[in-house]
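Presented below is the structure to which this report refers.
Values quoted throughout were computed directly from the atomic coordinates according to the rules given, and no laboratory measurement underlies them. None of the values given here were measured: they were computed from a predicted structure. Here the Cβ positions follow ideal geometry from the backbone for every residue, glycine too, while neighbour counts run over all protein chains shown.
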Amino acid sequence: DPARRVDEYPFQLSGGMKQRVMIAMALAGRPKLLIADEPTTALDVTIQAQVLQLLRDTQDKSDMGILLITHDLGVVAENAHRVGVMYAGQIVEQATREQLFAQPLHPYTQKLFAALPDASRRTLVSIPGSVPPLGSIQQGCRFAARCDLAWEKCREQTPEWTRVSSQQGVRCHLYEGQGAKAQEIGGEDKSVHSPEGVEPTLNLESCNLLLNVFDLRVHFPIRHGILQRVTGAVKAVDGVSLDIPVGRTLALVGESGCGKTTLGKAVLQLIAPTAGSVQFAGRELIGLKPRELRVQRAAMQMVFQDPYASLNPRMRVAEILEEGMSAMRIGGGSVSRQAHIDGLLDKVGLARTAKWRYPHEFSGGQRQRIAIARALAVSPKLLICDEPTSALDVSVQAQILNLLKELQQELKLGYLFITHNLAVVDYLAHEVCVMYLGRIVERGT
């Protein structure tokens, strides 16, 4: 409804809607070069297809050049003519789309393809360690510390750019000289470990059903006139019923703006429901007094969609991760909490020294990993994940998905997993709900 949306403010739009507004702003000036930095990250697959088709049509009509920055290899496969693979501030491989997907050469590129979600794999291939800070490596290959094929030369001598063919080049010692060929990377997964320290706050042994939602409704009033009289309501969530057993994952998919995030917040009582019932571990949450609701907080956590808005910019990472433990009075003393924080950073692929930095010093993907670590810090029994991997490249996405899967198996965690990525759904979810205009229209395994 463009006529209605044009008079609204950004806070009234969903994450996907905000992204579409930014794309419209960029195209309004009819540019000759469009730099598209993750333009479809927050969009569902249907809107993503529409946006990408719009970019292609605009390019065909105006000969507009596009620098498409993305971690989504599916988007690359559909839209790119040439592809450059970047690691730690350096282009490590460049090729045509066809060449890159047929025969990736650099070990980093090969591992990115190996990390793509696949339901047939018990665990996904991920890259151990994390990207080094820019400027920290003065000699040698920047990927050497994480490469299975690295040898002494890789650590001592910086690889030069090697042109393998007229259309493909790579920065790797494996291809120097004549007849150099890539080796396949097995990609052993070393990223998943169980958390230590924090004890679960609820005993759910006798309760097989972790979350039960019945006929939940969240309506936002529409007001007009000087007296702001209510003339209608936006039915963001309209009669949703679902349940999540202990140790199971329910994926919630649907178009941007259909009410998925609002449903997740209403389950946690971050938004007051208009009507319905939300039972957690057999206890009704709607109507609880603030003090009673706080007792349940450690067992229910959420990873928000926007990593830029969900972290306090005035707090260091260590303070952000420790805040929940301090509020819930769990995790022991300061020393044991810091040890637990170090373990959490290891699990989400960040250096331990990162805990003394502020959120603005990290990229979007790194901020999302901090948000995930914050949610896991109090060992919740129910985790509502609102697009938790949308800002991550496939290797880090694999690390996070493996971590979530193993934590679920060991701690019997329940997940309400809100996502646009059907490949992630296929890998992680036990059941799937499809949401449209505030209602569940389909459910199945």
Turns out the strands (runs of 3 or more DSSP E) fully within the stretch 214-313 with at least 2 residues that are under 17 Å from Gly414 (Cα atoms), hydrophobic (A, V, I, L, M, F, W, C) and touching a helix residue (DSSP H, G or I) at 6+ places or on another chain (Cβ under 9 Å) are 249-254, 275-280, 300-303
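Among the residues of the stretch 357-366, are any acidic (Asp, Glu), in contact with a helix residue (DSSP H, G or I) (Cβ under 9 Å, 6 or more places away or on another chain), under 20 Å from Ser136 (Cα atoms) and free of Cβ contacts under 8 Å to residues at least 12 places away in the same chain?
Initially, the stretch 357-366 is screened for residues acidic (Asp, Glu), giving 361.
Then keep just the ones that are in contact with a helix residue (DSSP H, G or I) (Cβ under 9 Å, 6 or more places away or on another chain); that gives 361.
This time we only want the ones that are under 20 Å from Ser136 (Cα atoms), so: 361.
Those left that are additionally free of Cβ contacts under 8 Å to residues at least 12 places away in the same chain: 361.
Among the residues of the stretch 357-366, at least one is acidic (Asp, Glu), in contact with a helix residue (DSSP H, G or I) (Cβ under 9 Å, 6 or more places away or on another chain), under 20 Å from Ser136 (Cα atoms) and free of Cβ contacts under 8 Å to residues at least 12 places away in the same chain, which makes the answer yes.
Please go through the stretch 211-248 and give me each residue that is basic (Lys, Arg), in contact with a Ser or Thr (Cβ under 8 Å, 6 or more places away or on another chain) and loosely packed, with under 15 Cβ neighbours inside 10 Å, ordered by number. So that I can check it myself, show each step before the final result.
Keep residues of the stretch 211-248 that are basic (Lys, Arg), which gives 217, 223, 229, 235, 248.
Still in the running and in contact with a Ser or Thr (Cβ under 8 Å, 6 or more places away or on another chain): 217, 223.
Correct list: Arg223 only.
What about Ala49, is it closer than 15 Å to Asp72 by Cβ, small (Gly, Ala, Ser) and without any contact (Cβ under 8 Å) to a residue 12 or more places away in the chain?
Values: closer than 15 Å to Asp72 by Cβ: yes; small (Gly, Ala, Ser): yes; without any contact (Cβ under 8 Å) to a residue 12 or more places away in the chain: yes.
So Ala49 fits the description; yes.
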- Query: Among the residues of the stretch 283-297, is any crowded, with 18+ Cβ neighbours inside 10 Å, hydrophobic (A, V, I, L, M, F, W, C), out of contact with any Pro (no Cβ under 7 Å at 6 or more places or on another chain) and in contact (Cβ under 8 Å) with a residue 60 or more places away in the chain?
  - Reply: no
